[in-house]
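The values are calculated or read from the model by the stated rules, or taken from the named source; none is laboratory data. Treat the numbers as computed from the prediction; the structure is a model and nothing was measured. Cβ placement follows ideal geometry from the backbone for every residue including glycine, while neighbour counts extend to all protein chains displayed.
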Amino acid sequence: MGVRLLVLSLALALAACAGCEARGRTIGVQNGSDCVIKVRFWVGDRGPDHADPAAVRPDEVLELRPGQRVSKPFNESCGYRSESESFVRVQVQPIGASFKRVVQHWLELNPPEPYVVRVFGHRGELRFERVPAVSTIAPVPREMWPPPERDEPVSAEAESPSGGR
């Protein structure tokens, strides 16, 4: 009986620690589509004039295969001040062999947190929803996108569906 109690206590402690990791502000994407997507997270200041957003991690462009998910913490060090003073955006681009033009989707995730979006649908017709559905998503007009950069994906550290939330 003592061993079972010890194992149960240890399992509960580990579950509590796993929850500790998710604390704080996070932004994330779940790829429920049928294609590989390139993802980048952005934050910036709201104001009368739109400012160029800053990447949460400037050198990080992620590639997510179908079924993968990723989330990243963010805070004041990457330009986020508060829900009323800052915006949170996700840049999503389907990738693959194609002669069609490059399509990008820029989405602003409205407060409150968590700032998580699920991408679903097909390569040519991606759709988006908040997870959980705590708020809305708005498309960001092209004139508010930052200038294009020549980024290559640098990380594919996303969790597989069986490996995380």
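As a summary of the residue check, GLU129 satisfies the conditions (1) in a loop (DSSP other than H, G, I, E, B); (2) at pLDDT 75 or above; (3) not aliphatic (A, V, I, L, M) except for the one numbered (1).
Pairs linking a residue in the stretch 66-84 that is within 15 Å of TYR115 (Cβ to Cβ) and without any contact (Cβ under 8 Å) to a residue 60 or more places away in the chain to a residue that is exposed (fewer than 13 other Cβ atoms within 10 Å of the Cβ) and not aliphatic (A, V, I, L, M), with Cβ atoms under 6 Å and 6 or more positions apart or on different chains, are PRO73/GLY24.
All of PRO146, PRO141 fail the test of being touching a Pro at 6+ places or on another chain (Cβ under 8 Å) and at pLDDT below 90, apart from PRO146.
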